[in-house]
1. Test residue 118 against the criterion of being in contact with a helix residue (DSSP H, G or I) (Cβ under 9 Å, 6 or more places away or on another chain) and closer than 16 Å to residue 8 by Cα, and give yes or no.
2. Can you name the residue in the stretch 244-286 that is in a loop (DSSP other than H, G, I, E, B), among the aliphatic types (A, V, I, L, M) and at pLDDT 95 or above and is also farthest from residue 385 (Cα to Cα) among such residues?
3. If you scan the stretch 1-17, which residues turn out to be over 24 Å from the mean Cα position of the chain (by Cα) and farther than 13 Å from residue 120 by Cβ?
4. Within the stretch 319-328, how many residues are within 10 Å of the ligand (Cβ to nearest atom) and not in a strand (DSSP E or B)?
5. Among 316, 304, 394, which is free of Cβ contacts under 8 Å to residues at least 12 places away in the same chain and assigned to a loop (DSSP other than H, G, I, E, B)?
6. Being more than 9 Å from the ligand (Cβ to nearest atom) and under 18 Å from residue 269 (Cβ atoms) narrows it down to one residue among 352, 314, 341; which is it?
7. Inside the stretch 80-107, can you point out the residues that are in contact (Cβ under 8 Å) with a residue 40 or more places away in the chain and small (Gly, Ala, Ser)?
8. Every residue in the stretch 186-201 that is in a loop (DSSP other than H, G, I, E, B) and not aliphatic (A, V, I, L, M), please.
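The values are calculated or read from the model by the stated rules, or taken from the named source; none is laboratory data. Just so it is clear, the structure is predicted and the values come from calculations on it, not from any experiment. Quick reminder, even Gly has a Cβ in these numbers, built from the backbone with ideal geometry, and neighbours come from all protein chains shown.
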Amino acid sequence: MLKGKTVLLGVTGSIAAYKTASLASMLVKQHADVHVLMTRNATNFINPITFETLTGNKCLIDTFDRNFEFKVSHVSVASAADVFMVAPASADVIAKLANGIADDMLTTTALACEAPLILAPAMNTHMLLKQVTLDNIKKLEGYGAEVIAPASGYLACGDTGAGKMPEPETLLQYIYKAILREKDLAGKKVLVTAGPTQEAIDPVRFVTNHSSGKMGYALAREASFRGADVVLVSGKTSLTPPLFTKFIPVVSAKDMYDAVMEEFPDTDIVLKAAAVADYRPMHVAEDKIKKNSASSVLEMERTDDILAELGKQKRDGQFLCGFSMETKDMLEHSREKLEKKNLDMICANNLKEQGAGFETDTNHISVLTREETISLPLVSKEEAARQILDLVVDRIS
Ligand code: CTP
């Protein structure tokens, strides 16, 4: 995913430095060109050879190292960078960066670098919560740096509290957000629904479907990488809510209906990927329920069609994309839904096809608009999300 991108990793003197080795490895696996810059103190926590082995690039530590090909290193890596992440960022380096102090390889490079700066502070809770550190962080944010809130927990110094560096997977998501995509959805509010809804039969049992939520979560993540303000309304899934989204968990179709209607008025784009249960069990009077007979309680009524309601309320400039899961006559049925529900786009797939549908990691989607039918290849749900949003962006601009 990061082919052709240059990532600078600044590593400072904090025990969390060991986690940055995993991050460097993840970035290399995504084909990024990774250059690590360490402070002298950082080398007490982790050996530069670890990073050199992982990245294939010399670790930059001392500005006046004589053993290098002749280039002004801090300037040449700074100008090649697509992003500069300092992780872990110690209180000392945060203070230097906030005040323009450049007295080693890491801080001189940061000062020379025009690329987005991301900091992952990691330190003792008392150091983090000291007013001077908070002021320095605020100052850096004011200069445009992204500061990742430290996690809370047991710290290596023995204290418990805020100050832990987030896991490498989280740091990677911040790098993706900074450089993976053009910000072609900046300023747009995107509302995504995902996952299954559950309709209670009684306090113990419920009716639901096989939706995993993967497609909707991939769409939410992709929209956030493109700079959108994303709201993700999700039924219960086993997935971790994506970063950079406002996450609204729901259970029933009614909960989803209410959450979506509340968010809809100032929304620009709706991607309705949830598999809403079409029917819910009706409430049946206790005396009518025959013991041990499911059929007596499973009288069903239709749930409100959320997408159709959005189609009715839609005003100029709002873009509605639905999803349609079919087992036969996929294109005809999907086109009917597009017309009937007043949609701008519908993404259809055939549940009977291998590699498409609910619980797979891939999808084979046909995208229908009023004018055309576009068949996307069989790709991962992440790639499908990218291609769907490319089509949406072309049609809103
Ligand atoms: N949908 C919805 N609210 C419902 C049912 C469906 O918003 N109560 C949305 C789905 O999220 C999806 C689209 O409508 O984006 C199509 O859903 P689907 O179940 O494929 O079609 P239906 O219109 O419900 O028709 P049918 O079940 O007869 O195929």
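1. Spelling it out, residue 118 is indeed in contact with a helix residue (DSSP H, G or I) (Cβ under 9 Å, 6 or more places away or on another chain) and closer than 16 Å to residue 8 by Cα.
2. Kept after step one, since they are in a loop (DSSP other than H, G, I, E, B), are these residues of the stretch 244-286: 244, 250-252, 267-268, 273-274, 276-278, 282-285.
Filter once more, so that each one left must be among the aliphatic types (A, V, I, L, M): 250-251, 273-274, 276-277, 282, 284-285.
Going one step further and asking which of them are at pLDDT 95 or above, we end up with 250-251.
Details: 250: 22, 251: 24 Å.
Taking the candidates together, the pick is 251.
3. 13, 15
4. So the count comes out to 1.
5. Checking each option against the conditions leaves just 316.
6. 314
7. Across the stretch 80-107, the qualifying residues are 80, 81, 87, 89, 90, 91, 95, 98.
8. Just the residues of the stretch 186-201 that are in a loop (DSSP other than H, G, I, E, B), to begin with: 186-188, 195, 197-198, 201.
187, 188, 195, 197, 198 - these are the residues of the stretch 186-201 that are in a loop (DSSP other than H, G, I, E, B) and not aliphatic (A, V, I, L, M).
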